[in-house]
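Accompanying notes for the structure given below.
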Amino acid sequence: MKKETKRAIRDAFAKLSFRSQAQNPVMLMVYLSACLTTVLLALALAGISDAPWGYIAAICVVLWATVLFGNFAESLAEGRGKAQADALRSAKRDVEACLIDNAALADAATMEDPSAFLADRGRAVGSATLKRGQVYLVRAGEQVPADGEVIMGAASVDESAITGESAPVVRESGGDRSSITGGTTVLSDWLVARVTAEAGQSFLDKMIAMVESAARKKTPNEQALELLLIALTLVFLAVSLSLYLFGAFTAAQHGAGNPLGITSLVALFVCLAPTTIGALLSAIGIAGMSRLNAANVLATSGRAVEAAGDVDVLLLDKTGTITLGNRQAAAFLPVGGVSERELADAAQLASLADETPEGRSVVVLAKERFGIRERELAQSGFAVVPFTAQTRMSGVDFEGHEIRKGAADAVRAYVEARGGVFGAEAAAVAEEVSRSGGTPLVVARDARVLGVIHLKDIIKSGIRDNFADLRAMGIKTVMVTGDNPLTAAAIAAEAGLDDFIAEATPEAKLAAIRRYQAEGHLVAMTGDGTNDAPALAQADVAVAMNSGTQAAKEAGNMVDLDSSPTKLIEIVRIGKQLLMTRGSLTTFSIANDLAKYFAVIPALLVPLYPGLEVLNIMHLATPASAMLAAIIYNALIIVALIPLALRGVKCREASPHRLLARNLAVYGLGGVIVPFAAIKALDALMVFVGVA
Amino acid sequence: MSAIAGSEFLQAGVLVALVVACALPLSGYLVDVMEGRPLLIRRALGPLERSACRLVGVREDDGMDWRRFLASALAFTAVSFIGLFTLLICQGALPWNPERFPGLALDTAFNMTASFVTNTNWQPIAGETNLSYFSQAVGLAVQNFLSPAVGIAVAFALLRGLASSDGGKLGNFFVDVVRAVLYVLLPLSLVLALVGVWQGSPQTFQGYEMVQLLEPVSVDAEGALVDADDPTAVQEVTEAVVPLGPQSSQVAIKQLGTNGGGFNGANSASALENPTPLTNLLQCAAMPLIPFALIFAFGRMVGDRRQSRALMTVVLAILAAGLFSVIAAETAATPQLSADGAVYLGALDQSAGNMEGKECRIGVGESAAWTALTSATSNGSANASIEAMTPIGTLVPLALIGLGEVVGGGVGTGLVGLLGFAVLAVFVASLMIGRSPEYLGKKLGPAEMRMAVVIVVAPALAILLAASVLVMSPASAAAVGTPAPFGFTELLYAATSAGGNNGSGLSGLSSNTPLINVVLGVEMLFARLAPLAAALVLAGNLAQLKVQATGAVGLSTSGALFAVLLLVIIVLIGALSLLPAFALGPLAEQFMGAF
């Protein structure tokens, strides 16, 4: 037997206390029923009974089994989280931290090798004693002592303890990769960081609490469902109690004793009460969270997971989500009588020093098209002009010529400043490239425009199908990009998105979210930078990248440990699946009652009115076997559905209408039919082994 | 199905189609007057409306949140209760009492008051032999107008909650009641009463009249009626008392307001209340008219009439099943009837059916149709004796009432019950498509679910608990007219009728006992007020919610699939809560062959 299962069985018994049962009202009633039948059994053994003791004993055992099966389901679901939590705990050691005071920090800024200097001046303390705002140094081979914001240095960090991903990531001061997590390990170089979370409130602590579901609160949907289940339970309690009295009245009218025993009515009540969903309810919720954790996403609450299922607008960043991170040169478009080869030659020269993927692709394209060999930059006479935010161009100065490439408006300013003319043809070609979804890079030599390089966004393969699936589910996809509207429109059309926000600033993003929300939509987005924080805080489902800043992580309600931009789609799916599992099993549970009635009512009432035997459409052998078959089915179906509860029902990308039709057919109609077959089979089995 | 049943069913189908056709335009009118839109009738009766509002000290534009609305509705009901109760126990000292009827016993008065205030009209006593004209006209008739008006007010509060996001305002209770009475109930019953008078129904404040019998009858020593020449006869009877009074107006509102309490004990089986085929047809049609119109008003209020169509489909499907079953059961020549010698099964397509307890003028088909309609709509009036019906003929009204007020239901309360189930269906269906539940763009959280659940289970719980209390008492065994299983059915029917605020009953039960009066009285109040309060809380919550754009992701609540789901949920919850009880009553009788 697997370790997980063993632990779950042990926990199932541990949960037999009244206090843990009281968490779940439906199962509490089953628990109390089991207690009651135990008392009845004791009385029967002492000679006071309204039914044979063997029958009471059988009912009693089955009821306790029902309670245990419910406990087992919950324990099994929790078990996954516990195993994960154990692994995380092992990463959470108390290590020695090198505490830096402010004076040393100020001095270090001017040092040639700040790390060696700080290591000298630092004071060794236990990581557990670190306070928020204190500064520490961590060097290659050391474990990061606490969550922090990098304020100096850059290093590669192994975050596999948290993300499970073995490839190291870069953490550096400033920008969007400045947050580090306690428990990860620095592989090379060094970092100085300011503590952002003390021991006990760290990211790792939160993660452990989350996966252990210690901090699990019932979500609104769970509460609402529980209300429905409680109401049904109350009705069935009334049905069982009243049936006893109705039976007594009828029997008295016939001048006979009441054939309805308390044991049978307790069994009737448990049969009818929505025990299947009641027993599996918390397991479904916990398993949903586990599935999210398994996808390397941490949610701050179960509510966020469910909200993910409701999202109908997804804001997706273009870069990394829809397109590959880099653009590639696709064509050289010369203007003003320049030959294509001349343009390619100049473009290659301008890009030789450009190590960006776009720059490399220009060099490669020129080589492929015209066999222009890469030239050594070391050759004399080359002066590299790097890209700056002011000029927004890059290039080389070469044998007295200046070759530049850059955005159309930047090159126009450059050319015109030199007395050249930025011709209408060049403008038209650049415009044309934009319109087709590309990015135009204009190349100029001295004051003359040679032509345009067409940089093309490469749309991820398969992403179009992804969006089609989302559309089938009724979810609107919106691309967010810094590109101009023309380019954005072309890419959005090519990738199959519903809408786009071009030239997006953080403010524009926030405004867009507000606008969608005002229209009544629920919006999900991912973000990593500090400037995404307001939008993340506003979005209904906000996934922060683990690689992102602390501010982004705090603003979001989920953290994606993989920092994968497409994760949002998976999160939506998991959220939907969680709700669907709950709804489908509720339907199944209630639909089951019909068959149970046809087993139980004739069994109970035939002694009063033999004519009611016509209701025994399953032809169950005896009243006792019918009763037992129904209640054993009731217990076993919990076990049978545990895998489904943990795995979740299949979530298809289909329209709501088709999903409903399918789930109603499978779980509604199936819920009506399955118990008829199963109860009949159990009854036949009892006849076969001779207990009935 | 026999040809007779077929043609009767067809006839009932035409009747229902006519009602639906009338309910459609009426729904537009309802929305217009309740929302205070300018109409000709409002210009004509406006001064009345304004002075009525001034009388209670309210302004038309003074919107109430759910707390004030509920407090107003409860206070209004309490005042009605105290007023009617006092009137009934002091009847002997009040005017318009030509027959000198004394005040009612306390328990009877309590039951009658609860019954009429809650739009149930269960009557432990026959009106014509116990109630003065004053009690009938000022007591019961006034409640017959006010209790459906309260229902309409609550239904519109719920609709406003669903339709608007007006910061939680649900309209003004008192203005709603005034408008419902003035523009809806009074004009409609005036028309129906005039037709009744034209057809021969009495409308007078004169005393009862003594008339000569055309054919004298006799009574035997036990007081039972026998033929004049019967050897056991001890006394010949040559005259009869004809109860008069303001009957036609009472009948009109009893049908239109889903009240059901007739002027006479025989209700609409009496030739005075229901003199002709035309009155029978119109009274049948009047029962579901306003409940159906309110279902259509729902679609108009939320701006999507397909929503109403889905709900109406569910209602009509259940009603059709009920009509069909009861008509088929009553028109069939059963072996039991044959054993009694009532029919000869050898004759091909013999047509008598079960004539026991039916008025000859009305016949089996129309009696059966009436029975289905009166139980579906929580009306409770009768033109035949349900007591004397076949087991299935008794089961159908039991089931239609026991489902809760959903198949039309009471005026206002029927829509509330239906929407309660709709919320439940939306919840289950939404989860099944992986979404948090929302109805018409409004999110349904735990608070809304709690209220919907109260609306849905309150009737079933009330019925089961009240029936339990009744069967526990040794006095009940004495009250039932027949041994089990039918004796049990009589008690169950009483509890069901009270729990569904229906008011029909099985005449074999001697229900005017302190125990039954008190139990049913409490039950009627609970079954009326719990869903009413829940509906107002629900409305208040919904009114505060912003409408969400669901579009393509959301659940469609206007399609056939949703209608099927809603139908299944209504039937399943009804069946699960009441099937065991039915098994001991009508089902046992059906399968035992006992009749």
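The values are calculated or read from the model by the stated rules, or taken from the named source; none is laboratory data. These numbers were taken from a predicted model, which means no experiment stands behind them. No Cβ is skipped: glycine too gets one built from the backbone with ideal geometry, and neighbour counts run over all protein chains shown. All accessible areas refer to the heavy atoms of the entire protein, side chains included, with ligands and DNA or RNA removed. Shrake-Rupley method; radii C 1.70, N 1.55, O 1.52, S 1.80 Å.
How many Å² of accessible area per residue for the protein assembly as shown, probe 1.4 Å?
37
With every protein chain left in place, what is the accessible area of residue A:619 in Å² (1.4 Å probe, nearest 10)?
It works out to around 140 Å².
Could you list the square roots of 5 times each eigenvalue of the Cα gyration tensor of segment A:1-90, that is, the equivalent ellipsoid semi-axes, sorted largest first and rounded to whole Å?
Result for segment A:1-90: semi-axes of 34, 13, 9 Å.
Give the separation of the Cα centroids, segment A:621-644 to segment B:403-473, in Å.
29
As a test of understanding, state the convex hull volume per residue of chain A from its alpha carbons, in Å³.
203
Sum -39500 (n - 2.57) across every DSSP H segment of at least 4 residues in chain B, then divide by the residue count to get the 222 nm mean residue ellipticity, nearest 500.
That calculation yields -20000 deg cm²/dmol at 222 nm.
Run the accessible area of segment B:108-242 with a 1.4 Å probe and give the carbon-and-sulfur part as a rounded percent.
60
Between segment A:288-315 and segment A:73-87, how many Å separate their Cα centres?
A separation of 18 Å, based on Cα centres.
For peptide B:457-469, how many partner chain Cβ atoms fall within 10 Å of a residue's Cβ, on average?
If you average over the peptide's residues, the count of other-chain Cβ atoms is 4.
Using the Kirkwood radius built from alpha carbon pairs, what does the Stokes-Einstein equation give as D for segment A:472-587 at 10 °C and 1.306 mPa s, in µm² per second?
105
Once the dipole of segment A:96-221 is set up with Lys and Arg at +1 and Asp and Glu at -1 on Cβ about the Cα centre, which of A:111, A:135, A:188 lies farthest towards its positive end?
Highest projection toward the positive end goes to A:135.
Cα to Cα, under 23 Å, and not fewer than 8 places away if on the same chain: which lysines meet these conditions relative to residue A:456?
Of all the lysines, those that pass the test against residue A:456 - Cα under 23 Å, at least 8 places apart if same chain - are A:318, A:367, A:405.
Which far-off residues, 5 or more places away or on another chain, put their amide H under 5 Å from the one on residue A:455, with H placed in the peptide plane?
Amide H neighbours of residue A:455, under 5 Å, 5+ apart: A:330, A:439, A:441.
Using label points projected 7 Å from each Cα along Cα→Cβ, tell me how many nm separate residue B:106 and residue B:43, to one decimal.
So the two model labels end up 5.6 nm from each other.
Hydropathy first: keep DSSP H helices in chain A averaging at least 0.0 on Kyte-Doolittle, then drop any whose Cα extent along the axis falls short of 24 Å, and list what survives.
Membrane-span-like by this rule: A:25-45, A:53-91, A:220-254, A:275-294, A:567-605, A:623-647, A:670-689.
Can you show me the helix-derived [θ] at 222 nm for chain A, built from DSSP H runs with n ≥ 4 at -39,500 (n - 2.57) apiece and divided by the number of residues, rounded to the nearest 500.
So the helix-based figure for chain A works out to -17000 deg cm²/dmol.
For peptide B:470-481, compute the average count of partner chain beta-carbon atoms within 10 Å of each residue's beta-carbon.
2
Which value in nm describes the separation of the simple spin-label points at residue A:217 and residue A:384, placed 7 Å from the Cα toward the beta carbon?
So the label points at residue A:217 and residue A:384 sit 5.5 nm apart.
Calculate the FRET efficiency for residue A:17 and residue A:252 from the Cβ-Cβ distance with a Förster distance of 45 Å, rounded to the nearest 0.05.
Approximately 0.60, to the nearest 0.05.
Roughly what would the spin-label model give for residue A:156 and residue A:48, points 7 Å off Cα along C-beta, in nm?
Placing both labels 7 Å beyond Cα along the Cβ direction yields 7.9 nm.
Compute the semi-axes of the equivalent ellipsoid of chain B, taking the square root of 5 times each eigenvalue of the Cα gyration tensor, and list them largest first in whole Å.
Semi-axes, largest first: 38, 29, 22 Å.
Multiply the residue gap between residue A:688 and residue A:464 by 0.36 nm, knock off their C-alpha separation, and tell me the result in nm, one decimal place.
The span from residue A:688 to residue A:464 would gain 74.9 nm if fully extended.
I need to check one value: relative contact order of segment B:1-157, counting alpha carbon pairs closer than 8 Å and at least 6 residues apart, in percent.
Answer for segment B:1-157 is 17 percent.
Beyond 19 Å, what percent of the Cα pairs of segment B:391-530 remain?
Counting every Cα pair in segment B:391-530, those more than 19 Å apart make up 54 percent.
Kindly provide the pair-distance distribution of segment A:96-201 built from C-alpha pairs, with 5 Å bins from 0 and whole-percent values in order of increasing distance.
Spelled out per bin, shortest first, that is 3, 14, 26, 27, 20, 8, 3, 0.
What whole-number volume per residue, in cubic angstrom, does the convex hull of the C-alpha atoms of segment B:1-138 give?
Dividing the Cα hull volume of segment B:1-138 by its residues yields 222 Å³.
In terms of the ratio Rg/(2.2 N^0.38 Å) built on C-alpha atoms, what value belongs to segment A:327-457?
Here the answer is 0.94, to two decimals.
Relative to the present Cα-Cα distance, how much length would full extension add between residue B:90 and residue B:278 at 0.36 nm per residue of separation?
63.9 nm
Hey, can you rank A:494-500, A:505-511, A:346-352 by average C-beta count inside 10 Å, highest first?
Descending packing order for the listed peptides: A:346-352, A:494-500, A:505-511.
Please work out the Cα center distance from segment A:444-477 to segment B:247-265, rounded to the nearest Å.
Using only Cα atoms to place each centre, the spacing works out to 74 Å.
Which FRET efficiency value, to the nearest 0.05, is calculated for residue B:129 and residue B:560 with the Förster distance at 60 angstrom and r the Cβ-Cβ distance?
Plugging the Cβ-Cβ distance into 1/(1 + (r/R0)^6) gives 0.70.
Evaluate E = 1/(1 + (r/R0)^6) for residue B:510 and residue B:225, where r is the Cβ-Cβ distance and R0 equals 22 Å; express this FRET efficiency to the nearest 0.05.
Here the calculated transfer efficiency is 0.70.
Would you kindly state how much longer the chain becomes between residue A:373 and residue A:107 on full extension, computed as 0.36 nm times their sequence separation minus their alpha carbon distance, in nm to one decimal?
So the chain would gain 90.8 nm between residue A:373 and residue A:107.
For each pair in A:2/A:596; A:2/A:218; A:218/A:567; A:509/A:650; A:82/B:546, compute the distance between the two Cα atoms and list the pairs where it is over 32 Å.
As for pairs spanning more than 32 Å Cα to Cα, those are A:2/A:596; A:509/A:650; A:82/B:546.
First obtain the Kirkwood hydrodynamic radius of segment B:119-225 from its Cα pairs, then insert it into the Stokes-Einstein equation at 37 °C and 0.692 mPa s, and state the resulting D in µm² per second as a whole number.
184
Report the equivalent ellipsoid semi-axes for segment A:188-254 in whole Å, largest first, defined as the square roots of five times the eigenvalues of the gyration tensor built from alpha carbon atoms.
Working from the Cα gyration tensor, I get semi-axes of 60, 10, 8 Å.
Kirkwood Rh, segment A:514-667, all Cα pairs: how many Å?
Value: 19.5 Å, from the Cα pair sum.
Could you work out the pair-distance distribution P(r) of the protein assembly as shown from its alpha-carbon pairs, with 20 angstrom bin width and percents rounded to whole numbers?
10, 30, 29, 18, 10, 3, 0, 0
Treating each Cα of segment A:413-549 as an identical point scatterer and ignoring solvent, apply the Debye formula and state log10 I(q)/I(0) at q = 0.10, 0.15 Å⁻¹.
Those come out to -0.47, -0.85, one per q.
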